[in-house]
Amino acid sequence: MPESDESLTSRRPIEAVLLDFHGTLAQVEDPIRWVTLAAQSAGTTLDRARATVLADRLTTAGRAGGPKPHRVPAHLAEVWADRDLSVEAHRACYTGLAATVDEALATALYDRLLLADGWELYADTVATLEALRAAGVPVAVVSNIGFDLRELAGALGFADLVSEFVLSYEVGRTKPDPAIFWKACAALRVDPERALMVGDTPADAGAAAAGCSVLVLPESEPGKVHGLGGILRLL
């Protein structure tokens, strides 16, 4: 049903934008590339067939930045629950899951997550952030994550376009808890009703409970245009 003229004119203007990181600004590298380069850093050369088999098994086991594991082993249940609440739990969780497939590569696989080379920005990420900066709209990255994104964002070339990083392991709350969105809005000095949260999951849509407007993007191929320019049409 089309919105009425009254609802359109009563909508509060967007004064700040909150952005998820993984799946919104960037995507992890291709699984086969991930496994191949991790093995190289550990002194092992894998042929493509072996790398493909390992990539499938590791993705099923649970990859940081990838799909959730089909099953979490009992000995990893606690760190899985806390993975986005501490650096130690995040590393223990994902190295532990990888170790169920290949213990020798577990650390090297995790370390790829911390490198800019292990990520690919969407094609419209930097241009959209630059347009928001030019429009005077402050941006916060709000992420469920267990490591510091700031250095990675700098290496990927967008840290200077972000006013605040609100990271779950630092604030002790994870999306969709409204508290993490309130924290981001407070950091940007904006009322939640005047903030737009942009993400790609139901956890990001939890910002609606905090009073924010929400834009959930459909899945896009890594490195392609992701629809981030739609943010600018909502300002």
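Beyond 27 Å, the tail of the calculated P(r) for the range 28-152 holds 26 percent of the Cα pairs. With respect to the chain, whose longest principal axis is taken over its alpha-carbon atoms, helix 125-134 is tilted by about 30°. In this simple spin-label approximation, ILE32 and ARG133 carry label points 7 Å from Cα along the Cα→Cβ vector, and these lie 3.6 nm apart.
Across the range 147-152, computed HN-Hα scalar couplings (Karplus, 6.51 cos²θ - 1.76 cosθ + 1.60, θ = phi - 60°) run 8, 6, 7, 4, 5, 4 Hz from first to last residue, x flagging Gly and Pro.
Computed per residue of the chain from DSSP H runs no shorter than four, each worth -39500 (n - 2.57), the mean residue ellipticity at 222 nm is -11000 deg cm²/dmol. In the chain, the longest principal axis of the Cα atoms and the axis of helix 87-99 are about 50 degrees apart. Solvent-free Debye calculation, one equal scatterer per alpha-carbon of the range 120-224: log10 I(q)/I(0) at 0.13, 0.20, 0.21, 0.25 Å⁻¹ equals -0.46, -1.16, -1.28, -1.61.
Candidates SER220, THR125, THR107 compared by Cα position along the dipole of the chain: farthest toward the positive end lies THR107, with charges placed on Cβ. Each of ARG233 and THR201 was given a label point 7 Å from its Cα along the Cα-to-Cβ line. The distance between the two points is 2.7 nm.
The Cβ shell under 14 Å around GLU29 holds other residues with a net charge of -2, Lys and Arg each +1, Asp and Glu each -1.
Against the main long axis of the alpha-carbon atoms of the chain, helix 31-41 sits at an angle near 60°. List the lysines whose Cα sits under 25 Å from the Cα of LYS175, skipping any in the same chain fewer than 8 residues away. Output for LYS175: LYS68, LYS183. Out of every Cα-Cα pair that the range 169-235 contains, those further apart than 19 angstrom amount to 36 percent.
Calculated accessible area for the range 188-235 comes out at 51 Å² per residue, all protein chains present (probe 1.4 Å; ligands, DNA, RNA ignored). Think of each Lys and Arg Cβ as +1 and each Asp and Glu Cβ as -1; about the Cα centre, that makes the dipole of the range 117-235 roughly 420 debye. For the listed peptides 46-54, 108-116, a ranking on the average number of other beta carbons within 10 Å per residue, highest first, reads 108-116, 46-54. Here the dipole of the chain is about 200 debye; that uses its Cα centre as origin and unit charges on the Cβ of Lys and Arg (positive) and Asp and Glu (negative).
With a sphere of radius 9 Å drawn around the Cβ of PRO138, what net charge do the other residues whose Cβ falls strictly inside it have (Lys, Arg +1; Asp, Glu -1)? That works out to 0. Shape analysis of the range 109-150 based on the Cα gyration tensor places the equivalent ellipsoid semi-axes at 25, 14, 7 Å, largest first. For the pair ALA123 and ALA208, the difference between a 0.36 nm per residue extended length and the Cα-Cα distance amounts to 27.9 nm.
The values are calculated or read from the model by the stated rules, or taken from the named source; none is laboratory data. Predicted model, so just to flag it, every value in this text is computed and none were measured. Neighbour counts run over all protein chains shown; Cβ positions are idealised from the backbone, glycine included. SASA here: full protein model, heavy atoms, side chains in, ligands and nucleic acids out. Shrake-Rupley method; radii C 1.70, N 1.55, O 1.52, S 1.80 Å.
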